[in-house]
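Single-structure report; data block below.
The values are calculated or read from the model by the stated rules, or taken from the named source; none is laboratory data. Source: prediction; values computed, not measured. Don't worry about glycine lacking a Cβ; one is built from the backbone with ideal geometry, like all the others, and counts go over all protein chains shown. The area values use the complete protein model at the heavy-atom level, side chains included, leaving out ligands, DNA and RNA. Shrake-Rupley method; radii C 1.70, N 1.55, O 1.52, S 1.80 Å.
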Amino acid sequence: MTREPKKPTQLITREFAKKLHLNYAKARTPIIKRTIKKEDANAIWFSLEELENYIQYIKIEGRKDGYDVNGIRFYFGVYPEEEKYKEKAGLTTLFLNATGKKIKLKTNTPEVHTLALMSQGESDSDIESIEPMNYGNMGRPPSLTYL
């Protein structure tokens, strides 16, 4: 039986989301357009299937590499001005990187080999042994207006 998920604590109102998007458009879009001489992406889309698959992938790969995967960090990037990136060349992208803590295996007693996972370190670091995920959809045209 599947239980209901908890309501996320980081939810914001649609009105505040509109304000954030409008602030971005007013403060950043003119500077970016003036600098790169074209309209840049202001939203990136990933399907639920892609995101769920990446989450499962990083959990499994992280465990193999000795990490307690506990999050995903979102980074902004810019595609190189190379022909192979076609219409994305020079435009903003968003890529995802797994984060977590290195774990060590600890036994409770020498006789019993019960394993407990102990996180090492105090911060949630990027896990360099797991590939980041990119290539979300910028949409056409690149600029979208938040509803």
Residue in the stretch 25-41 that is surrounded by 13 or more Cβ atoms within 10 Å (Cβ to Cβ), closer than 26 Å to residue 132 by Cα and touching a helix residue (DSSP H, G or I) at 6+ places or on another chain (Cβ under 8 Å) present: yes
Single unsatisfied condition, residue 53 versus (1) open to solvent by 90 Å² or more (accessible area, probe 1.4 Å); (2) polar (S, T, N, Q); (3) closer than 28 Å to residue 22 by Cβ: (3)
Residues (more than 24 Å from residue 93 (Cβ to Cβ) and acidic (Asp, Glu)) located in the stretch 1-53: 4, 15
Tally, over the stretch 22-45, of residues that are touching a Leu at 6+ places or on another chain (Cβ under 9 Å) and modelled with pLDDT of 95 or more: 0
The stretch 95-109, residues that are at pLDDT 55 or above and of a type outside the set (Lys, Arg): 95, 96, 97, 98, 99, 100, 103, 105, 107, 108
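Okay, residues lined up against (1) acidic (Asp, Glu); (2) modelled with pLDDT under 95; (3) more than 30 Å from residue 40 (Cα to Cα):
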position	(1), (2), (3)
71	no, no, no
88	no, yes, no
111	yes, yes, yes
114	no, yes, yes
120	no, yes, yes
132	no, no, no
144	no, yes, no
Boolean, residue 96 is open to solvent by less than 70 Å² (accessible area, probe 1.4 Å) and within 20 Å of residue 134 (Cβ to Cβ): yes
Residue list for the stretch 56-71, restricted to those being closer than 9 Å to residue 98 by Cβ and charged (D, E, K, R): 59, 61
